[in-house]
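The values are calculated or read from the model by the stated rules, or taken from the named source; none is laboratory data. As the structure is a computational prediction, the values presented were derived from the model and not from experiment. Note that each Cβ is placed from the backbone with ideal geometry, even for glycine, and that neighbours are counted across all protein chains shown. Surface areas here come from the heavy atoms of the whole protein model, side chains and all, with no ligands, DNA or RNA. Shrake-Rupley method; radii C 1.70, N 1.55, O 1.52, S 1.80 Å.
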Amino acid sequence: VQLQASGGGLVQPGGSLRLSCAASGFIFSVNTMGWYRQAPGKERELVAGITSRGATNYADSVKGRFTISRDNAMNAVYLQMNSLQPEDTAVYYCSLPRYRNRDYWGQGTQVTVSS
C-alpha cells in the first residue's frame, strides 16, 4: 500500500487549498478512504471520510468548509479546503483505514494558515 499526499502549503486566512492523495497497492474503488490531521501538540484527528459508494462524513470543525471526493479511475482522493483558518494548520494525512486489520497512512502534507 502506498499513499502519496500532496497539495499542502502556506495560505492566508480565508484562503483555499486542495489536497490530493494518489493511492496504489490495493483495490482503491472498494475501500473507504479518509483524511486526518495532526496539529503540533495535539492528537491526530479525523477530518473527513468517504466510502466506496461516495458517502461522506466530516469533523464538526470543518463541515461546510471542506469537501472530500474521490476519483476511482485515477485511484485518488481529494480534500478541497475553503475558508481556511489558523486552527486548520496541521500536517494532513491520507488514510486507508481498517485494511487487512490495520490502518495505513501517507507521509503527510503540511498546511499552514497564517497572515
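Of all residues in segment 20-71, those that are open to solvent by less than 60 Å² (accessible area, probe 1.4 Å) and part of a strand (DSSP E or B) total 20. Being at positive phi and touching a residue at least 12 places away in the same chain (Cβ under 8 Å) holds for only one residue in ASN31, ASN75, and it is ASN75.
Counting only strands (runs of 3 or more DSSP E) that fall entirely inside segment 75-115 and contain at least 3 residues that are within 18 Å of CYS21 (Cα to Cα) and open to solvent by less than 20 Å² (accessible area, probe 1.4 Å), the qualifying elements are 76-81, 90-99. Identify, please: which residue in segment 54-77 is of a type in the set (A, V, I, L, M, F, W, C) and farther than 16 Å from LEU96 by Cβ and is, among those, nearest to the chain's Cα centre (by Cα)? Looking at the filtered set, the residue picked out is PHE66.
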